[in-house]
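Read through the structure below, which is laid out as structure tokens, and then see the notes.
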Amino acid sequence: ATITEGATTTDIAVQTTQVVIDWVPDDTAVGGGNIDFQPVNTTATFTDGGVVDGIGYFAVLNRIIPVDPTRMVELNGTITSLVGSNVGGTIFFYSPGGILIGSSAVINVGSLGLTANDPRVNGGEFINAFNQVEFQQATQAGATVTTAAGSSIFTGGNSALGFASYFAMVAPVVQHGGNSFSNTAAAMISADAALITFSPDGLFDIQVTSGTSGTGKTLSVSGNLNTELGGYTYLAAVPKNDAITMAITAGAEVGFDVAQNATAIDASTVILGAGSIISDGNVIEVISPASGSGTVDVEIGAANIAGTTTIWGTGSLKVTGGA
């Protein structure tokens, strides 16, 4: 890739099908709170350079490695990826201390991955021939990926090229408070390590290989997590030896905004897998081999959940407030 930096702009022209970029923040302090890696009123734009693979599709893994790996990085500006003049491409961001998508952030890309688990790179590629990403063991216990209220995330366009358009968050602790929409699927995974197959049809395989080092509410949705009609939403959390909770809180929206003339064939699918395996888009009703002795409770408040919903867990289920 060719990277061109201006005062408030960063342009990345991608010239191979997949590229891994290692970024080192200017803030090199040890301790001192979050790192403002992408400030407010700045833009980062990924483009295909017009030469990638004959169709313009590309995938970029941005590895943001602070000098102090325990510090969370913040993205507070605008991020766009384009295939020609259309939204497309797959953009991942990884940082070991976690990632915060700030309230002013606007992200408009083909697909998006946010993670505190370093994706394995093999031969220069982090997405293999089977559309799989291996999220390796988190190095910082309880590292968190968060989208703040007010943030806006749109993932679409890849599906027109035959690739999944998805939004994925993978970390020991996952908190979604922003607004998001995906053409195909959304996946929120609370785990220390996982292998995910991002199938173009949205029927994902999610295999957690190490339960979360987080405690308490390790997966929570308080914002809008919406997909296209017929899309898929996956919420998965696997414990180690502490009881954890998966929570959809009051005011959250999960699934899609119900269309006035939607039919059964349009219906979205919502899967809550609390301590289980997800295969081909469905919960496998067995305890994940990565689970320790801990259990997973599911709490659903006065939220709007649209679509056929399956909940399977190893702890309690509490539904309140007209969910």
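A few points about this structure:
- ³J(HN,Hα) computed for each position of the range 29-37 - Karplus, 6.51 cos²θ - 1.76 cosθ + 1.60, integer Hz, glycine/proline x: 5, 9, x, x, x, 5, 9, 7, 6
- Whole-percent carbon and sulfur share, accessible surface of the chain, 1.4 Å: 49
- The range 46-145: C-alpha gyration tensor shape, a/c 1.5 cut-off, then a/b vs b/c: oblate
- Neighbours of ALA274, meaning other residues whose beta-carbon lies under 13 angstrom from its beta-carbon, give a summed charge of -1 when Lys and Arg score +1 and Asp and Glu score -1.
- Using the 1.4 Å probe convention, the accessible area of the chain works out to 38 Å² per residue with neighbouring protein chains retained.
- Summarising the amide proton neighbourhood of ALA186: residues at separation of 5 or more, or on other chains, whose placed amide H is nearer than 5 Å comprise PHE167, TYR232, THR233, TYR234.
The values are calculated or read from the model by the stated rules, or taken from the named source; none is laboratory data. Computed from a prediction, not measured in an experiment: that's the story for all the values here. A quick note on method: Cβ atoms are made from the backbone with ideal geometry, for glycine too, and the neighbour counts reach across all protein chains shown. Quick note on the areas: whole protein, heavy atoms, side chains included, nothing else; ligands and nucleic acids left out. Shrake-Rupley method; radii C 1.70, N 1.55, O 1.52, S 1.80 Å.
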